[in-house]
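K.L.:
This is the structure I want to talk about, given as structure tokens.
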Amino acid sequence: MRMRRNHLLLLLAATMALAGCAKMGQPDGGWYDETPPHVIATMPADQSTNINTSRVTIIFDEYIKLDNPTEKVVISPPQLEAPDIKSGGNRIIVNLKDTLIPNTTYTIDFSDAISDNNEGNPLGNYTYSFSTGDRIDTLEVAGNVVEAENMEPIKGILVGLYSNLEDSAFTTQPMQRFARTDSRGRFVIKGVAPSEYRIYALQDADANFMFSQKSEKLAFNHDIIIPSSMPDVRQDTIWSDTLHIKSIDRVGYTHFLPDNIVLRAFTEEQTDRFLSKSDRTNPERITFYFSYGDSILPKIRGLNFNSDDAFILESSERRDTLTYWLRDSLLINQDTLRMEMTYMMTDTLGMLNENTDTLELVPKVSYERRMKELQKEREKWEKEQEKNKKKGKNYETEMPVEPLPIKTQLVGDMMPDSYFYFESPTPILSADTSRIHLTTKVDSIVINKPYILAERTIMADSILPAARRFFVLRPDSTGNLWTQGTSYNLELDSAAFTDIYGNVSKAEKKAINVKKEDEFTTIVFHVNKSEDVPYVGQLLDKSERVVRQAISNTGDLTFNYVKTGEYYLRTFADRNGNGVWDTGKFATDLQAETMWYYPEKLECKAKWPLEKTWTPTITTDRLKPSEITKQKPEKEKKIKNQNMERAQRLGIIYIPKNH
């Protein structure tokens, strides 16, 4: 009996202590306002029908802020003349400038732009609607828009519906209903009437809500969208504070479909050809920059010089950048070169026709100034040699000639399938392989190893000689592979390379250490193809840089000699077999090549081959791993729960107003 009485006394003491620590009350200064603003009146009333006024007024129970209405507020159908949206005090006033369309539901979607003026409590996603007819359309269509090339979410792109199912509608008519994607690339088109639709995305440069400029990013597909709805149930989590869940309730709601559309947006290749810029920054070369390449190269006729046999031509791979190297030093020293250049240019009808420009090209530094600077350098050198002579030090009798600076580097890590890379700042006349030595040691004996020195030159024309500036060195062995775990020495004698101006390279040595087998692994992916074309697989690092590439007709992608670490994988259907991703074209009904990302990170360990089977799919929840997605979702606006945190610090029991 006494033991029971002691237990009761202890329980009473604990209760009194708890009451002393967590007591009812409020802190000095009162509680924070954590109640979001509420709409108390709208004119016309929300979801009214047969409306003929273009002015909408929304009144709240407190002063509010409207954040970035130009970007966040979406009015559908689209308004060709920008509406006037003003906020002040406790109201928002919207004046529509376009003439109202009969029998149409209008929605004004404020997204998360509305919050109270003091504490910034967000109202949440708020949409106001009215109809000029006798019914309100309430269906919704939702999905995501991503970059076709890299599956990045696109923020702020328009997504619109057309009940006209012809392709021409997208280029001749504004969208009927539209939405703008959020930071996740997510869109929800509201106020949709029952019908059949085509859907498009557009980065609208001229605000006419249709595809009217070749530079506008777009997305399209041929799926027929049939909006619908169904009753559904979802879980709703109620939090008692920032750390504790009060309850998880099952809440009924209307589920609008489809809600999983994925649109892959691309920018069409700009094929209109014109001369963007001509440049002679350096006296020995002239560069022409075109908007697009062409198989027919320009014809140059010198007006104050003889252009016959005057140039060596260097072309970019796409032939949109052409560099003409001057072969004759007399022309290099001539400050002004006047010429006629005839080239293929797109006319106003979109056709390629010959166009002739008269050009006058001048180097950045004149010949006279270059000679003065050279003379200053010689005088400085002569003074230094004279000082050395008087002091009895070694001195030179001839001014040294600057060697031809050959850039040498490894391409990628020194794996067995890597190669050595040479780059010259000027075209090479000759590469003397008798002055290039590749050796290794076997039992302390130096052995010469055979190698292949190959040019990396894009042959620009059958008439003009091509500039040779890039060379690749690889071992002349089975499969042209370096031997694993072996050290090589690459030695260049003086004058191994000579350029077209007579400059020669200096002597140089490089050490090449090839990684051992236990420092890398192999990755094999068995890809279940959905398109009957070659697939290109690309192994990516965390910066999304391509570190390895593999091409397969069967879908089996193999990546050899992969360094240990973390990687990601993507693959695309190489429709034209050129080994690079290609964009689409709306006029010819050509989609961009399909790109897929493997959804998981790849953990690669040395000597542990990785083999996986993968069926690539594109769904709204499996677009790209979040770790390498650069367009991150913006932080969702939430009530801050400052009162709960403050009460816990002060030991006060806080009961929210809505409890």
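K.L.:
Give me the one-decimal Kirkwood hydrodynamic radius in Å for segment 290-434, with the sum taken over alpha-carbon pairs.
P.N.:
Mean inverse Cα-Cα distance, inverted, gives 20.2 Å.
K.L.:
Over the chain, what is the relative contact order in percent, taking alpha-carbon pairs closer than 8 angstrom and at least six residues apart? Don't skip to the end; give the middle numbers.
P.N.:
On the way: 1444 pairs, mean separation 68.9, N = 659.
Value for the chain: 10 percent.
K.L.:
Given H placed 1.01 Å from N in the peptide plane, which residues other than close sequence neighbours of I157 have an amide H under 5 Å from its amide H?
P.N.:
The answer is T181.
K.L.:
Given a 1.4 angstrom probe, what's the average accessible area per residue across the chain, in square angstrom?
P.N.:
Numbers: 37000 Å² over 659 residues.
Per residue, the chain has an accessible area of 56 Å².
K.L.:
Take the solvent-accessible surface of the protein heavy atoms, probe 1.4 Å, and return the percent of it on the chain that carbon and sulfur atoms account for.
P.N.:
That share works out to 49 percent.
K.L.:
Can you give the local net charge around R435? Use residues other than it whose beta-carbon is closer than 12 angstrom to its beta-carbon, Lys and Arg +1, Asp and Glu -1.
P.N.:
Summing Lys and Arg as +1 and Asp and Glu as -1 gives -3.
K.L.:
Give me the distance between the Cα centres of segment 31-87 and segment 504-547, rounded to whole Å.
P.N.:
Each part's Cα centre sits 55 Å from the other's.
K.L.:
Another question about this same structure. Students often forget the sequence filter, so: which aspartates and glutamates lie under 19 Å Cα-Cα from K529 once same-chain residues fewer than 8 apart are removed?
P.N.:
Partners found: E149, D556, D574, D582, E593, E600, E611.
K.L.:
Local charge sum around E455 (other residues, Cβ-Cβ under 10 Å, Lys/Arg +1, Asp/Glu -1)?
P.N.:
Net local charge, E455 excluded: +3.
K.L.:
On to the next question. Quick test of the membrane-span-like rule: which DSSP H helices of the chain reach at least 27 Å along their long axis (C-alpha atoms) with mean Kyte hydropathy at least 0.5? Can you show the working numbers first?
P.N.:
Values: long enough: 2-21 (29 Å, 0.75); 367-390 (35 Å, -3.01).
Sorted by number, the helices that extend far enough and score high enough are 2-21.
K.L.:
Between D167 and I238, what length comes free when the chain is fully extended (0.36 nm per residue of separation minus the Cα-Cα distance, one decimal in nm)?
P.N.:
Additional length available on full extension: 20.9 nm.
K.L.:
Of the listed values [x] 63, 27, 18; [y] 45, 31, 23; [z] 63, 39, 29, identify the label whose number matches semi-axes √(5λ) of the Cα gyration tensor in Å calculated from this model.
P.N.:
Step by step, semi-axes √(5λ) of the Cα gyration tensor in Å for this structure corresponds to label [z].
K.L.:
Right, something else. Give the residues of segment 135-152 whose amide nitrogen is closer than 12 Å to a point set 7 Å from the Cα of N103 in the direction of its Cβ.
P.N.:
135, by backbone N distance to the label point.
The values are calculated or read from the model by the stated rules, or taken from the named source; none is laboratory data. This is a predicted model, so every value here is computed, not measured. Note that we place each Cβ from the backbone using ideal geometry, even for glycine, and neighbour counts take in every protein chain shown. The accessibility values were calculated without ligands, DNA or RNA, using every heavy atom of the protein model including side chains. Shrake-Rupley method; radii C 1.70, N 1.55, O 1.52, S 1.80 Å.
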